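What follows is a short report on a single structure.
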Amino acid sequence: MDPLYVKVHARDNVAIIANPGGLPAGARFADGLMLQEDTPQAHKVTLQDLTEGEPILRYGQVIGNALRSLAAGSWVREDLVAMPSAPNLDELALATEVPAAQPPLEGYRFDGFLNPDGSAGTKNILGITTTVQCVAPTVDYAVRRIKAELLPRFANVDDAVAITHTYGCGVAIDAPGAAVPIATLGHISRHANIANSPLVVSLGCEKMQPGRLLPSDPAFPVFDYAPDLIRLQDERGFAETIAAIMRAAERRLEVLNRRQRQSLPASQLIVGLQCGGSDAFSGVTCNPAVGYAADLLVRAGATVMFSEVTEVRDAIHLLTPRCATPDVARDLIREMRWYDEYLARGYADRSANTTPGNKRGGLVNIVEKSLGSIAKSGTGAIHSVAAQGQKVTAKGLVFAATPASDFICGTQQLASMNMHIFTTGEGTPYGLALAPVIKVSSRTTLAERWPDLIDLDAGRIATGEATIESVGWDLFHLILEIASGRKKTWADHWGLHNALAPFNPGPVT
């Protein structure tokens, strides 16, 4: 393979090395540029001489300023780049460049489970939710018994899942911040993939009582008195508790087993988008391909959520003009400001986001990471903004505010989504039990190294073997296949399912 770099925007004065394994000093590109030093794959090199203080441009945007003069062909490392300030939230354009709606995509469908409230499941799962971490080991034990002894008798039920977490007691339950984890866990407990109706296991003395987790609603039972509520402190020991859970599970499985997949429009999909282990290729290959698929989903009438406040914050000036209305833009700014203030209370800022793996993968700072991250949102108008812990109900492209932590973001998105797309450059076996997680790699080397963990390779875009459009269409069709149960993600194949991690910005007592 000849020396190859990838330049994203005509204004850019840096590019990333595309060759696996990187390139040695003296390597010369087709345009005559010669490397000044050994440079790893995905890392940046200067395309021209840069003077001290000169802006460094990638994606056509300033990602930093050179801390010293750099000759053309120099390796641009983190220690050579001064990070710029984040965009001023009081000086942003509001809905000034709203993209025109693209032509609708009609006729695309998947085979899913229709729920009484009109939502759609992509799986058919027995869910057992918990009100406090104290009961988690007991529920985990019961689920192992259910899978071994009961589930084989119910062919139409995909799985039994314990919805356990670390919340529920030892917290200031009435503090404003407590609304975020309580709402998140309540929405997950009524997830479309468990037919909106869980079994509930409570300890009895915890602060998050069942009625607080699942408040009375005309569409749902009052769980304080429902027959599918088991309180451990009301039972006569461990064996009787497990027997009670097993009896309730068998009743619920009989109902779930009568559910059948049926043809549903793609508009019933609610797809969450997330990055993890990002690298400098993420904003060139997998994220733009996901963005193309996001545009296709929106055209088909679906809901698409992108999130991760700190991985949006430094690109916010590119998003507020795309908001459908000034009010939506103000809502987006509100979520950026809320998180700025949250981080400041902990004496941190958005620069704490980047990981050693991000830097090993060529990302010098959160600015560069953010510019690549927002490519997942595609090109359409942003129609709505959901606050921390709020369930997404709008159609089209939605920003759902979450932290950027993979596990916390995934947990909060799970409150709304029935499908999950996860892009990665460095690699992660991350998965969720309640919703399929499709993993898309930024580099072919990762897909080749992890052929039984990566579901779709977008790295072919960097070498010209595929286009953003073609990989976007591949992903769109893969989403429909997996939503229909005709294919499994690798995470589901291996049963790689991360624990839930609800975001708790409130005080712990």
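The values are calculated or read from the model by the stated rules, or taken from the named source; none is laboratory data. All values reported here derive from a predicted model rather than from experimental measurement. Ideal geometry is used to build each Cβ from the backbone, glycine not excepted, and the neighbour counts take in all protein chains shown.
Return the residue satisfying two criteria in turn: it lies in segment 81-110 and is of a type in the set (S, T, N, Q) and free of Cβ contacts under 8 Å to residues at least 24 places away in the same chain, and of such residues it is nearest to residue 326 (Cα to Cα).
To start, the set of residues in segment 81-110 that are of a type in the set (S, T, N, Q) comprises 85, 88, 96, 102.
With free of Cβ contacts under 8 Å to residues at least 24 places away in the same chain added as a condition, the list becomes 85, 88.
Details: 85: 24, 88: 17 Å.
Filtering first and then ranking leaves 88.
The single condition from (1) more than 17 Å from residue 89 (Cα to Cα); (2) in contact with a Ser or Thr (Cβ under 7 Å, 6 or more places away or on another chain) that residue 364 fails is (2). Filtering segment 378-421 to residues that are within 24 Å of residue 330 (Cα to Cα) and of a type in the set (Phe, Trp, Tyr) leaves only 399. Among the candidates 337, 360, the residue that is touching a residue at least 12 places away in the same chain (Cβ under 8 Å), over 19 Å from the mean Cα position of the chain (by Cα), closer than 27 Å to residue 5 by Cα and not assigned by TED's automatic domain parsing to the domain that holds residue 197 is uniquely 360.
What are the residues in segment 363-381 that are among the β-branched types (Val, Ile, Thr) and over 17 Å from the mean Cα position of the chain (by Cα), if any? Lay out the reasoning, then the answer.
Within segment 363-381, the first condition is being among the β-branched types (Val, Ile, Thr), and the residues that meet it are 364, 366-367, 374, 379.
Passing the criteria: 364, 366, 367, 379.
Note on segment 18-68: residues that are surrounded by 14 or more Cβ atoms within 10 Å (Cβ to Cβ), touching a residue at least 24 places away in the same chain (Cβ under 8 Å) and on the phi > 0 side of the Ramachandran plot total 3.
Residues that are at pLDDT below 95, out of contact with any helix residue (DSSP H, G or I) (no Cβ under 6 Å at 6 or more places or on another chain) and of a type in the set (D, E, K, R) do occur in segment 212-226, at least one of them. Taking the criterion of being loosely packed, with under 15 Cβ neighbours inside 10 Å and hydrophobic (A, V, I, L, M, F, W, C), the residues of segment 94-114 that qualify are 100, 101. If the condition is being more than 22 Å from the chain's Cα centre (by Cα), surrounded by fewer than 21 Cβ atoms within 10 Å (Cβ to Cβ) and either over 30 Å from residue 158 (Cβ atoms) or β-branched (Val, Ile, Thr) (or both), then segment 178-208 contributes 204, 205, 207. Restricting attention to segment 240-266, the residues that are assigned to a helix (DSSP H, G or I) and over 15 Å from residue 485 (Cα atoms) total 17.
Take residue 141 and decide whether it is aromatic (Phe, Trp, Tyr), out of contact with any strand residue (DSSP E or B) (no Cβ under 7 Å at 6 or more places or on another chain) and at pLDDT below 95.
Numbers: aromatic (Phe, Trp, Tyr): yes; out of contact with any strand residue (DSSP E or B) (no Cβ under 7 Å at 6 or more places or on another chain): yes; at pLDDT below 95: no.
No; evaluated as a whole, the condition is false for this residue.
Residue 117 - would you say it is part of a loop (DSSP other than H, G, I, E, B) and modelled with pLDDT under 95? It is true that residue 117 is part of a loop (DSSP other than H, G, I, E, B) and modelled with pLDDT under 95. Among residues of segment 319-330 being touching a residue at least 60 places away in the same chain (Cβ under 8 Å) and assigned to a helix (DSSP H, G or I), the one that is farthest from residue 351 (Cα to Cα) is 326.
Does residue 351 satisfy the criteria of being in a strand (DSSP E or B) and either within 21 Å of residue 56 (Cβ to Cβ) or polar (S, T, N, Q) (or both)? Spelling it out, it is not the case that residue 351 is in a strand (DSSP E or B) and either within 21 Å of residue 56 (Cβ to Cβ) or polar (S, T, N, Q) (or both). In the condition set (1) more than 24 Å from residue 353 (Cα to Cα); (2) of a type in the set (Gly, Ala, Ser); (3) in contact with a helix residue (DSSP H, G or I) (Cβ under 9 Å, 6 or more places away or on another chain), residue 442 is compliant with all but (1). Just one of the numbered conditions (1) among the aliphatic types (A, V, I, L, M); (2) assigned to a loop (DSSP other than H, G, I, E, B); (3) in contact with a His (Cβ under 8 Å, 6 or more places away or on another chain); (4) under 25 Å from residue 360 (Cβ atoms) is not true of residue 496: (3).
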